Amino acid sequence: MICYRLAEANELDSLKSFLFEHGTSPWNHLPIEGVDDEFSLVAERQASAIIAVEDSQPVGFVIFYRPTTLPNRYLQFTNGDKAIYIAEAVVHKNYVGQGIGSCLLRQVIERAPATGASMLIIDRHEQNAASAGMMRKVGFTELCTFVDEPRRDYGSKKTTVLSLTLGAII
């Protein structure tokens, strides 16, 4: 049985290794410095990580930023509302396709009201079909797609930004 819980500070180094082992693909932009910055935010409690665990082993995790830490590039999509940014969602290669990613996103949605957020923002490579399906399954809708060469060096080189408004969840 898979359990979902907040990560503890002593687990962050192993989660970072997990991300590089199971999250690396042509679709994902994972610069070491950027990943280090994300994990620093978690350590400083400006972001959180939720882990999916089976038999005491991580099988996936998600990192989400608190509304006060929302990256400036996403402010244009919030209409002034408080928003959470979901920075990473990764599932162990042997567990892909079992709904764990969607469950991790739902865990963030459940915790969002406690942060004061009324919406969630996430992005993906335009052509990443697996991420697109996971995000659609949970209720995210596309806001825009744009050429993003600093972050995308594969395929169309485009990023798609999506949002989910908490009041719109059915």
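The numbers here are math on the coordinates, done by the rules we state, and not lab data. Because the structure is predicted, anything quoted here is derived from the model rather than measured. Heads up, the Cβs are rebuilt from the backbone with ideal geometry, glycines too, and the neighbour counts pull from every protein chain shown.
Just a few scattered comments:
- Reported label for calculated Cα Rg over 2.2 N^0.38 Å given (i) 1.23; (ii) 1.27; (iii) 0.96: (iii)
- Beta bridges assigned by DSSP with both partners in the chain are antiparallel in approximately 90 percent of cases.
- Placing unit charges on the Cβ atoms only, positive for Lys and Arg and negative for Asp and Glu, gives region 2-168 a dipole magnitude near 560 debye about its Cα centre.
- Local electrostatic count at HIS92 - Lys and Arg +1, Asp and Glu -1, tallied over other residues with Cβ under 14 Å: -3
- Measuring nothing but how far apart in sequence close Cα pairs (under 8 Å, 6+ apart) lie, relative to its length, the chain scores a relative contact order of 20 percent.
- Neighbour net charge for THR24 - beta-carbon separation under 14 angstrom, K R +1, D E -1: -1
- Going from the residue with the fewest nearby Cβ atoms within 10 Å to the one with the most, ASP81, ASP55 rank ASP55, ASP81.
- Our estimate of slack between ALA130 and LEU143, defined as 0.36 nm per intervening residue step minus the Cα-Cα distance, is 2.9 nm.
- Exposure proxy for THR141, THR165: other Cβ atoms within 10 Å of each Cβ, ordered fewest to most, give THR141, THR165.
- Whole-number D in µm²/s for region 43-106 (Stokes-Einstein; Kirkwood sum over Cα pairs; 10 °C, 1.306 mPa s): 123 µm²/s
- Cβ crowding within 10 Å averaged over residues, with 59-71, 90-102 ranked highest first: 59-71, 90-102
- Burial ordering of ILE2, ILE122, ILE51, fewest other beta-carbon atoms within 10 Å first: ILE2, ILE51, ILE122
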